[in-house]
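Take a look at the structure below.
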Amino acid sequence: MGGDLLRDGKIGIAVIGCGHWGPNHIRVFRSFPEAEVLWAIDIDESRRQRIRALFPGLPTEKDPRVVWADPAVDAVVVATPTKSHFELVKASLQAGKHVLCEKPLCTAKGEGLQLAELAAAKGLLLMVGHVFLFNPGILKVKELVDAGELGQLQYVSATRTNLGPIRSDVNAAFDLATHDVSIFNFLLGAKPELVSATGASFLQPGVEDVVFVSLRYPGGTWANIRASWLDPKKVRQITVVGTRKMVTWDDLDLTSPVAVYDKGANAVPEYADYGEFLRVTMWDGDVLLPKIQMQEPLKNQNQYFLECLQRGRVEKSGPDFSVEVVEVLEAIEESLRKDGAPVRLT
Ligand SMILES: NC(=O)c1ccc[n+]([C@@H]2O[C@H](COP(=O)([O-])OP(=O)(O)OC[C@H]3O[C@@H](n4cnc5c(N)ncnc54)[C@H](O)[C@@H]3O)[C@@H](O)[C@H]2O)c1
């Protein structure tokens, strides 16, 4: 694959699903000179009306078949509710379109593998909008982890809460914890080997509003996620604890989202006349606030997607990574149904 993936001229984009998030894709793609947004699709007329008001002149349609039939469309953005992703991504690939699908790719690993195979068979790119992989703060944390600055990672912990938006097609794990699973898999360069999750449905039967997830990664690093859309406070935070240093990330801190703490503790066995005991030492040094250039993560992500189309391959947030995220979400779902019983990933 290469530049011949695309027609000459601008990269034609269509956005399917123009609710809360889809219009952000339209705005961002319209800001790139190499792209042209050709269609905005939504089954809901009030959403189409809003798009026409926001982006005068942009053609809107109810039926996605106009997009699949339009040879000027190179790539489709799927920004509909999660449960509809599989069918819409499949149909878009079958129509010969590259796809950028919103997170998560789908709700079952088997479906994800089908989509990955279809994209590969057709020579088309499939990328998923795991937008935190393009967040400058998370990229700084990844840089620190990869450089060994934090030592061996002991555990990572995430809190992702707010009041709403409340979904009905998927629970808080598929909607919110998806982000943290993608961040953890990215930071640790692996998927977990063990998952356990509990949660509760207060608003809609069978749809968890809050989930508490524990994950064990290869090498013994533990991870924990609390995700809820039934919470008074918007929080997007991660803590990474290593044997050398600790790091916090706060997405809502616009000036210093990442803080690196030269803090820690270790325990060394000591031997004395009267036996063996553990000497625990702690240190509490400087806190560094690395300078982070703030950029809109969605803009970074979509720019990367365009570059992938031009290069003819996707390396970040592609099918393998995205199917692994779905696999973890499925394991979370299974554990939820079994009252928190541990589920092993193969
Ligand atoms: N990356 C992020 O930070 C982020 C943020 C918000 C949402 N999302 C993802 O974006 C997707 C959409 O979320 P949202 O908040 O915009 O939801 P939403 O419910 O506000 O909007 C979805 C829209 O899709 C339309 N739709 C549903 N089925 C359709 C179909 N078959 N064809 C055409 N249109 C259809 C609906 O009418 C609605 O307008 C979800 O997968 C969600 O997880 C990602």
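Surface composition of segment 258-315: carbon and sulfur atoms hold 52% of the protein heavy-atom accessible area at a 1.4 Å probe. The helix-based estimate of mean residue ellipticity at 222 nm for the chain, built from -39,500 (n - 2.57) per DSSP H run of four or more residues and divided by its residue count, is -9000 deg cm²/dmol to the nearest 500.
When N is the residue count of segment 113-205, what does its C-alpha Rg come to as a fraction of 2.2 N^0.38 Å?
This ratio for segment 113-205 stands at 1.33.
May I ask you to give the percent of accessible area on segment 29-99 that is carbon plus sulfur, with a probe radius of 1.4 Å? In segment 29-99, the share of accessible area belonging to carbon and sulfur is 55 percent. Scanning the chain for chymotrypsin sites (Phe, Trp or Tyr not before Pro) that sit in a DSSP loop and have at most 12 other Cβ atoms within 10 Å, the longest stretch containing none of them is 1-201.
Sorted largest first, the spans of the alpha carbon positions of the chain along the three principal axes are 83, 44, 40 Å. Projecting the alpha carbon convex hull of segment 208-279 along each direction and taking the average yields 8.1 nm². For the pair segment 110-171 and segment 198-276, the centres of their Cα atoms are 17 angstrom apart.
Per residue, the accessible area of the chain comes to 46 Å², computed with a 1.4 Å probe over protein heavy atoms only.
Count neighbours as other Cβ atoms within 10 Å of each site's Cβ, and list the trypsin sites (Lys or Arg not before Pro) in segment 216-310 that are DSSP loop with at most 12 such neighbours. For trypsin sites (Lys or Arg not before Pro) across segment 216-310 that sit outside H, G, I, E and B with at most 12 neighbouring Cβ atoms in 10 Å, the list reads Lys291.
Of the cross-linked pairs Lys103/Lys299; Lys191/Lys233; Lys83/Lys103; Lys10/Lys90, which ones have a Cα-Cα span greater than 20 Å in the structure shown?
Lys191/Lys233; Lys10/Lys90
Once you treat every alpha carbon in segment 152-307 as an equal point and sum by Debye, what is log10 I(q)/I(0) at q = 0.08, 0.18, 0.19 Å⁻¹? Scattering profile of segment 152-307, log10 relative to I(0): -0.32, -1.20, -1.27. Here the accessible area of segment 123-165 is 52 percent carbon and sulfur, with a 1.4 angstrom probe and all protein chains present.
Calculate, in whole percent, how much of the Cα-Cα pair population of segment 291-346 lies beyond 20 Å. That fraction is 51 percent.
The values are calculated or read from the model by the stated rules, or taken from the named source; none is laboratory data. All figures in this text were calculated on a predicted structure; none of them were measured in a lab. Here the Cβ is made from the backbone with ideal geometry for all residues, glycine too, and neighbour counts use every protein chain on show. Calculation scope for accessible area: heavy atoms of the full protein, side chains included, ligands and nucleic acids excluded. Shrake-Rupley method; radii C 1.70, N 1.55, O 1.52, S 1.80 Å.
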